[in-house]
1. Of all residues in segment 114-143, how many are among the basic types (Lys, Arg) and either over 19 Å from ALA70 (Cβ atoms) or assigned to a helix (DSSP H, G or I) (or both)?
2. Do you know which of the residues in segment 97-113 that are in a loop (DSSP other than H, G, I, E, B) and surrounded by 16 or more Cβ atoms within 10 Å (Cβ to Cβ) is nearest to the ligand (Cβ to nearest atom)?
3. Restricting attention to segment 144-182, and to residues there that are part of a loop (DSSP other than H, G, I, E, B) and of a type outside the set (A, V, I, L, M, F, W, C), which single residue is surrounded by the most Cβ atoms within 10 Å (Cβ to Cβ)?
4. Considering only segment 191-210, state which residues are surrounded by fewer than 14 Cβ atoms within 10 Å (Cβ to Cβ), farther than 17 Å from GLY128 by Cα and over 19 Å from the mean Cα position of the chain (by Cα).
5. Suppose the filter is without any contact (Cβ under 8 Å) to a residue 24 or more places away in the chain and either closer than 11 Å to ALA272 by Cβ or in a loop (DSSP other than H, G, I, E, B) (or both); does LYS227 pass it?
6. In segment 25-39, what count of residues is obtained for those that are within 18 Å of the chain's Cα centre (by Cα), within 11 Å of the ligand (Cβ to nearest atom) and not in a loop (DSSP other than H, G, I, E, B)?
7. Which count do you get for residues in segment 114-123 that are away from the ligand (no atom under 13 Å from the Cβ) and open to solvent by 20 Å² or more (accessible area, probe 1.4 Å)?
8. Which one of the conditions (1) closer than 28 Å to GLN146 by Cα; (2) more than 21 Å from the chain's Cα centre (by Cα) does ARG22 fail to meet, given that it meets all the rest?
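The values are calculated or read from the model by the stated rules, or taken from the named source; none is laboratory data. Predicted model only: the values in this text are computed from it and were never measured. Cβ placement follows ideal geometry from the backbone for every residue including glycine, while neighbour counts extend to all protein chains displayed. Surface areas here come from the heavy atoms of the whole protein model, side chains and all, with no ligands, DNA or RNA. Shrake-Rupley method; radii C 1.70, N 1.55, O 1.52, S 1.80 Å.
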Amino acid sequence: MSTIDDLPPLRDVIAAHGLSARKSLGQNFLLDLNLTAKIARQAGDLSGTDVLEIGPGPGGLTRGLLSEGARKVLAIEKDARCLPALADIAARYPGQLQVVEGDALEIDPLVHLTPPIRVAANLPYNVGTELLVRWLTPPTWPPFWQSLTLMFQREVAERIVAQPGSKAYGRLAVLAQWRSTARIALSLPPEAFTPPPKVSSAVVHLTALPAPRFNADPEVLSRVVAKAFNQRRKMLRAALKGLTPDIEDRLHTAGIAPTTRAEQVSVEEFCALARAVART
Ligand code: SAM
């Protein structure tokens with residue numbers, strides 16, 4: 001029995017179901033249920049909330065989310081070997097855990113979820129950034145999620161919360177901070193995982209704002225930011241040359257010196273530039 005529920009400890013679950021970690025699936029498991037409950041608490045008040053979890057594995061975070069009072073957890077897992085362990089959790093929390101086997105990049109979770117919805121996951125590193133970018137760029141805003149509580153490699157977490165002028169500041173920071181608040185909630189050393197990964201990790205908590213901080217067309221902003229950071233060492237007048245022939249004028253309209261580099265441009269300035277570029 002564990003401290004957070006009456007299910008067996010995760011080491012026993014892994015041994016019983018032969019869940020040897022597979023590198024190809026980004027499997028670094030969290031076995032300390034006090035830690036997974038702590039991560040679940042970072043997601044906020046879960047009562048009356050559906051939670052989308054990607055990659056439950058043997059179910060450490062899943063158990064944390066359920067013990068912290070989630071109304072329902074929808075867990076999408078690619079590795080079929082984990083399903084029996086997850087079925088044991090579902091039996092302990094009747095009607096509260098739905099497991100879908102498959103690739104999170106290909107499954108639409110919304111058909112199974114009722115708002116309000118939060119996302120919490122110890123993400124497989126190989127698909128983490130791709131999923132984050134998708135969640136940050138939905139067709140309409142506000143998005144389906146109220147918050148995202150996600151484990152990343154520390155370096156990726158730092159890129160999400162980075163401020164202008166820092167090396168880590170780039171497309172991910174602008175995307176994340178334009179329409180949500182982002183902070184690092186927890187830092188974890190490699191030893192927190194089994195097997196330990198090579199690098200440290202961090203949990204990032206993002207809360208969706210009801211509306212963007214600054215007005216801009218999402219598609220234009222995305223294009224401007226991608227181009228600007230594609231050649232981050234160049235001055236904007238050079239990096240953005242292909243965008244429009246009169247880029248220097250547009251930069252002036254946005255109040256940005258054409259000699260500025262992408263790394264120095266705030267989210268507010270990028271939005272002003274996207275508006276200036278969109279003007280016909
Ligand atoms: N949540 C568990 C924990 O905290 O111990 C496992 C985390 S492990 C870092 C990532 C999990 O994501 C693994 O269980 C892996 O099988 C699963 N996974 C990998 N790629 C996936 C994908 N494309 N879709 C869904 N799950 C995936």
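1. Within segment 114-143, the subset among the basic types (Lys, Arg) is 118, 134.
If we keep only those that are either over 19 Å from ALA70 (Cβ atoms) or assigned to a helix (DSSP H, G or I) (or both) too, we end up with 134.
Number satisfying all stated conditions: 1.
2. Initial filter on segment 97-113 (in a loop (DSSP other than H, G, I, E, B)): 102-108, 113.
Going one step further and asking which of them are surrounded by 16 or more Cβ atoms within 10 Å (Cβ to Cβ), we end up with 104, 107, 113.
Details: ALA104: 4, ILE107: 8, LEU113: 16 Å.
Restricting to residues being in a loop (DSSP other than H, G, I, E, B) and surrounded by 16 or more Cβ atoms within 10 Å (Cβ to Cβ), the top hit is ALA104.
3. Restricting attention to segment 144-182, the residues satisfying the condition of being part of a loop (DSSP other than H, G, I, E, B) are 144-146, 162-170.
Checking the rest, the ones that are also of a type outside the set (A, V, I, L, M, F, W, C) come to 146, 163-167, 169-170.
Details: GLN146: 17, GLN163: 11, PRO164: 16, GLY165: 10, SER166: 13, LYS167: 10, TYR169: 24, GLY170: 20.
Among residues in segment 144-182 that are part of a loop (DSSP other than H, G, I, E, B) and of a type outside the set (A, V, I, L, M, F, W, C), the one surrounded by the most Cβ atoms within 10 Å (Cβ to Cβ) is TYR169.
4. Correct list: GLU191, PRO195, PRO196.
5. Answer is no for this residue.
6. Taking segment 25-39 first, the residues within 18 Å of the chain's Cα centre (by Cα) are 25-30, 36, 38-39.
Of the ones still in play, those that are also within 11 Å of the ligand (Cβ to nearest atom) are 25-30, 36, 39.
Of the ones still in play, those that are also not in a loop (DSSP other than H, G, I, E, B) are 25, 29-30, 36, 39.
Total meeting the criteria: 5.
7. Selection size over segment 114-123: 4.
8. (1)
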